[in-house]
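J.: Got a structure for you, written out below as structure tokens; questions coming shortly.
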């Protein structure tokens, strides 16, 4: 499995962060890398909207993650 990035909103459905962390933990046990990031102040749709704003934390996080994958 390739490295993965999971972004959940701080104000998102509570089970989404727990599910993301559980998935990351289980993936890690199998030798895979999954990064979980909680977007401050965002709900579920706020995370999605963040992907369309050049100044948003969400897009910056995704681009930084992708950049680390391209340089490897």
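J.: Can you give me the number of residues within the range 50-67 that are within 14 Å of the chain's Cα centre (by Cα) and either assigned to a helix (DSSP H, G or I) or loosely packed, with under 11 Cβ neighbours inside 10 Å (or both)?
T.: Initial filter on the range 50-67 (within 14 Å of the chain's Cα centre (by Cα)): 50-51, 56-66.
Among the residues that remain, those that are also either assigned to a helix (DSSP H, G or I) or loosely packed, with under 11 Cβ neighbours inside 10 Å (or both) are: 50, 57-66.
Counting residues in the range 50-67 that are within 14 Å of the chain's Cα centre (by Cα) and either assigned to a helix (DSSP H, G or I) or loosely packed, with under 11 Cβ neighbours inside 10 Å (or both) gives 11.
J.: Here is a list: 38, 8, 47. Which entry is assigned to a helix (DSSP H, G or I) and either touching a helix residue (DSSP H, G or I) at 6+ places or on another chain (Cβ under 8 Å) or loosely packed, with under 15 Cβ neighbours inside 10 Å (or both)? Even if it seems obvious, please write down each step before you answer.
T.: On the way: 38 fails: assigned to a helix (DSSP H, G or I); 8 fails: assigned to a helix (DSSP H, G or I).
Of the residues listed, the single one that is assigned to a helix (DSSP H, G or I) and either touching a helix residue (DSSP H, G or I) at 6+ places or on another chain (Cβ under 8 Å) or loosely packed, with under 15 Cβ neighbours inside 10 Å (or both) is 47.
J.: Can you pull out the residues in the range 11-35 that are buried (at least 16 other Cβ atoms within 10 Å of the Cβ) and not in a helix (DSSP H, G or I)?
T.: Hits for the range 11-35 are 12, 34.
Any read-out appearing in this document is the output of simple, stated calculations on the displayed coordinates, not a laboratory observation. No experiment lies behind these values; they were computed from the predicted model shown. Because the Cβ atoms are built from the backbone with ideal geometry, glycine has one as well, and the counts that use them run over all protein chains shown.
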